[in-house]
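What follows is one structure encoded as structure tokens, with my remarks underneath.
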Amino acid sequence: MPTLAMFFGIIIRMYFAPKEHNPPHIHVFYQDSKSVIDINTCEILEGQIPPRQLRLVSAWIEIHKEELFANWKLCQNGEKPFSIEPLK
């Protein structure tokens, strides 16, 4: 599972396997927390993450939504996603 970005101790990854389950999502890791977050809504689909880190990830998603959907399309075709600029 390639890492798309890392910022403020948060690691964001995306699986690349044909027909990865919908909705389009990312996997977020922060310390001992793991979560799966919907790219469209920024809602947690699985797991948990502290509220402050969720706000940071949500802001990052909004800034890079177009790139995330491009990566999702690559992943659906079994291709490796590209890195995305971290939140600064």
What is the gain in length, in nm to one decimal, between Ser58 and Tyr15 on full extension, counting 0.36 nm per residue of separation less the C-alpha to C-alpha distance?
-> 13.6 nm
Once phi is turned into ³J(HN,Hα) by the Karplus curve 6.51 cos²θ - 1.76 cosθ + 1.60 with θ = phi - 60°, what whole-Hz value does each residue of segment 71-88 show in order, with x for glycine and proline?
-> 5, 4, 4, 4, 4, 4, 9, x, 9, 6, x, 8, 6, 10, 3, x, 6, 10
What list of ³J(HN,Hα) couplings, whole Hz, do you get for segment 59-65 from phi and the Karplus terms 6.51, -1.76, 1.60, once you set θ to phi - 60° and write x for glycine and proline?
-> 4, 4, 4, 4, 5, 10, 4
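Sorting Arg52, Arg13 on the 10 Å Cβ count, fewest up front, what's the list?
Taking fewest neighbouring Cβ atoms as first place, the list is Arg52, Arg13.
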Report the FRET efficiency, 1/(1 + (r/R0)^6), for Lys88 and Lys34, where r is their Cβ-Cβ distance and R0 is 35 Å, rounded to 0.05.
-> 0.90
Near the amide H of Lys34, under 5 Å away, which other amide H atoms are found, from residues 5 or more places off or on another chain, if H is placed in the peptide plane?
-> Gln48
Go ahead and estimate [θ] at 222 nm for the chain from helices alone: -39,500 (n - 2.57) per DSSP H run with n ≥ 4, summed, over the residue count, rounded to 500.
-> -9000 deg cm²/dmol
In the chain, which longest range has no chymotrypsin sites (Phe, Trp or Tyr not before Pro) that are both DSSP loop (not H, G, I, E or B) and surrounded by at most 15 other Cβ atoms within 10 Å?
-> 16-81
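The numbers here are math on the coordinates, done by the rules we state, and not lab data. All of these numbers come straight from a predicted model, not from anything done at the bench. Positions of Cβ are backbone-derived with ideal geometry, glycine not excepted, and every protein chain shown enters the neighbour counts.
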